[in-house]
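The values are calculated or read from the model by the stated rules, or taken from the named source; none is laboratory data. This structure is a prediction, so every number in the text was calculated from the model and none was measured. Neighbour counts are summed over all protein chains in view; Cβ atoms, including those assigned to glycine, are modelled from backbone coordinates with ideal geometry.
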Amino acid sequence: MNYSDRLRTLERRKRQRRGVSVTVNMEEHIAPVYLPLHDDIVHAGHQYYNLPGGRGSCKSSFVSLEIVNGIMSDKSGNSNAVVFRRIAGTMRESVYAQISWAIAELDAGHLWRGSVSPMQYTYLPTGAQIIFRGLDDSSKLKSIKPRRGIFRYVWFEEFSELPGPNFQRSVLQSVVRGGNDFAVFRSFNPPMSANNWVNTLVREPDERSVTLLTDYTMIPREWLGESFLYEAERLREVNEAAYRHEYLGEPTGTGGEVFPNLEIRRITEEEINQMSYFYNGLDFGFATDPMAFLRMSYDRSRETLFLLDEIYQLRMRNSEAAGEIIRRGYNDVRTVCDAAEPKSILDLRDHGLHAKESYKRPNCVQYRVKWLQHRKIVIDPKRTPNAYREFVGYSYSTDKDGNFLADLPDKDNHTIDAAAYGLQREIWARQVERKY
């Protein structure tokens with residue numbers, strides 16, 4: 001550290017000891033569409049703030065700024081925040097990074113100290129905290145409490161990932177104890193089904209809550225950049241339904257179907273001869289679950305997936321699967337397989353198949369399905385009868401009252417998994433290119 005850096009560090013520490021704060025003009029940092037909501041939060045107009053929105057709507061940026069600014073505005077130090085996501089492993093690169101951005105955006109980095117173990121931020125002048133928790137094990141929530149004061153702010157990021165309304169209520173009972181002095185932010189991309197429990201919840205009249213649906217068209221263009229705007233317009237041209245859901249935040253399905261974007265028709269040999277990019281995916285099985293292999297082609301320009309051939313069989317040995325795939329001439333590209341079966345992948349390689357394990361990360365199943373939902377999927381029932389049955393019949397789970405939940409059933413989805421494995425270069429472009 002050079003002399004200048006030391007001086008800056010000493011000055012920053014002096015400001016921290018003196019409790020120096022920053023003056024924030026929130027109008028400079030949040031999009032105009034959020035200004036009425038900001039005023040409502042300042043005056044405690046409601047307790048629940050529902051923020052559905054499409055990509056680029058800046059909803060997460062808005063919430064993170066509100067939390068950081070709200071804590072800094074409370075000189076008593078009694079206002080704290082707790083931030084939730086369904087999967088703890090997704091927090092560091094999402095909500096923790098988002099709060100870090102908000103602190104920097106408000107030029108308040110010298111007033112905060114962050115750590116990742118435990119994952120939290122501390123406001124140095126008052127000791128107020130922002131605590132981060134995953135909801136993988138909700139039983140651990142009973143022990144969460146700030147050093148002093150209350151959880152004035154509660155943020156459910158990707159709220160639609162929660163399994164249902166009862167789960168949300170249970171979480172809130174653990175962190176909001178008595179009184180009405182709190183603000184709960186529920187930010188999410190609306191699920192595709194209009195009947196999903198989250199979409200139903202925000203439609204229900206509730207005097208304690210306010211809902212603001214936003215999309216990228218409400219955000220200053222210069223904040224988003226030309227690359228983002230180009231991708232949005234390109235999707236609108238090639239798949240309007242996916243554009244409306246992904247970018248405008250509109251539920252485009254009417255029931256519990258996971259894939260409302262299917263095109264069931266004949267795929268001709270002439271079409272296949274014109275295809276350029278092919279993909280193979282394999283989901284292992286044996287006694288009770290079938291081994292499922294899919295041969296596919298994906299047209300990036302039209303964001304259209306074609307299911308071309310399948311192998312779907314119980315009690316099929318790895319050697320038999322490798323032999324059949326090679327016999328059909330499908331060893332021209334790698335076959336990406338379920339990473340949970342490393343020994344089976346070695347078996348396939350030993351029998352001459354160009355096999356590779358799939359990429360995995362927390363919450364990867366939901367992310368892969370969401371990617372597939374935003375593409376047109378062309379299925380020929382004659383070529384892939386089992387894939388046809390599984391994709392058409394795959395539906396969201398429901399609670400005892402018939403409300404559709406966010407959970408995806410882990411049954412009758414073997415070809416869906418195979419499709420996701422095979423297309424991982426497209427789905428996980430940035431992560432996979434470093435590994436494969």
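Here is a check on your reading of the model: is I150 surrounded by fewer than 21 Cβ atoms within 10 Å (Cβ to Cβ) and either at pLDDT below 95 or among the β-branched types (V, I, T) (or both)? In short, yes. If you go through the stretch 99-109 and keep only what is closer than 15 Å to I71 by Cβ, part of a helix (DSSP H, G or I) and not small (G, A, S), you end up with I99, I103, E105.
Would you check if I272 is in a strand (DSSP E or B) and β-branched (V, I, T)? Answer is no for this residue.
Is it the case that A339 is among the small types (G, A, S), over 19 Å from the mean Cα position of the chain (by Cα) and more than 22 Å from F306 (Cβ to Cβ)? In short, yes.
With the requirement that a residue be outside any helix (DSSP H, G or I) and surrounded by 21 or more Cβ atoms within 10 Å (Cβ to Cβ), what does the stretch 39-57 give you? Once the filter is applied, which keeps residues that are outside any helix (DSSP H, G or I) and surrounded by 21 or more Cβ atoms within 10 Å (Cβ to Cβ), the stretch 39-57 yields Y49, N50, L51, P52, G53, G54, G56, S57.
In the stretch 67-89, the qualifying residues are those that are assigned to a helix (DSSP H, G or I) and in contact with an Asp or Glu (Cβ under 9 Å, 6 or more places away or on another chain), and the one that is surrounded by the most Cβ atoms within 10 Å (Cβ to Cβ) is V68.
Exactly one residue out of L106, L135, L124 is surrounded by 20 or more Cβ atoms within 10 Å (Cβ to Cβ), over 22 Å from V175 (Cα atoms) and touching a residue at least 12 places away in the same chain (Cβ under 8 Å): that is L106. Restricting attention to the stretch 230-263 and to residues that are of a type outside the set (S, T, N, Q), touching a helix residue (DSSP H, G or I) at 6+ places or on another chain (Cβ under 7 Å) and not in a helix (DSSP H, G or I), the residue that is modelled with the highest pLDDT turns out to be Y247.
Yes/no per residue for (1) of a type in the set (S, T, Y); (2) over 28 Å from G164 (Cβ atoms); (3) in contact with a Leu (Cβ under 8 Å, 6 or more places away or on another chain); (4) assigned by TED's automatic domain parsing to the domain that holds M26:
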{"position": "H43", "(1), (2), (3), (4)": "no, yes, no, yes"}
{"position": "K59", "(1), (2), (3), (4)": "no, no, yes, yes"}
{"position": "E66", "(1), (2), (3), (4)": "no, no, no, yes"}
{"position": "N69", "(1), (2), (3), (4)": "no, yes, yes, yes"}
{"position": "M72", "(1), (2), (3), (4)": "no, yes, yes, yes"}
{"position": "V82", "(1), (2), (3), (4)": "no, no, no, yes"}
{"position": "A97", "(1), (2), (3), (4)": "no, no, no, yes"}
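Scanning the stretch 326-340 for residues that are within 15 Å of Y421 (Cβ to Cβ) and either touching a strand residue (DSSP E or B) at 6+ places or on another chain (Cβ under 6 Å) or polar (S, T, N, Q) (or both) yields Y330, V333, R334, T335, V336, C337, D338, A339.
To keep it simple, each residue is scored yes or no on (1) outside the structural domain of G149 (by TED's automatic domain parsing); (2) touching a residue at least 40 places away in the same chain (Cβ under 8 Å); (3) surrounded by 13 or more Cβ atoms within 10 Å (Cβ to Cβ).
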position: F167; (1), (2), (3): no, no, yes
position: Q173; (1), (2), (3): no, no, no
position: V184; (1), (2), (3): no, yes, yes
position: F188; (1), (2), (3): no, yes, yes
position: N199; (1), (2), (3): no, yes, yes
position: L212; (1), (2), (3): no, yes, yes
position: V238; (1), (2), (3): yes, yes, yes
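Screening A194 on (1) surrounded by fewer than 16 Cβ atoms within 10 Å (Cβ to Cβ); (2) touching a residue at least 24 places away in the same chain (Cβ under 8 Å) shows it passes everything except condition (1).
Within the stretch 201-210, the set of residues being in a helix (DSSP H, G or I) and either without any contact (Cβ under 8 Å) to a residue 24 or more places away in the chain or in contact with a helix residue (DSSP H, G or I) (Cβ under 9 Å, 6 or more places away or on another chain) (or both) comprises L201, R203.
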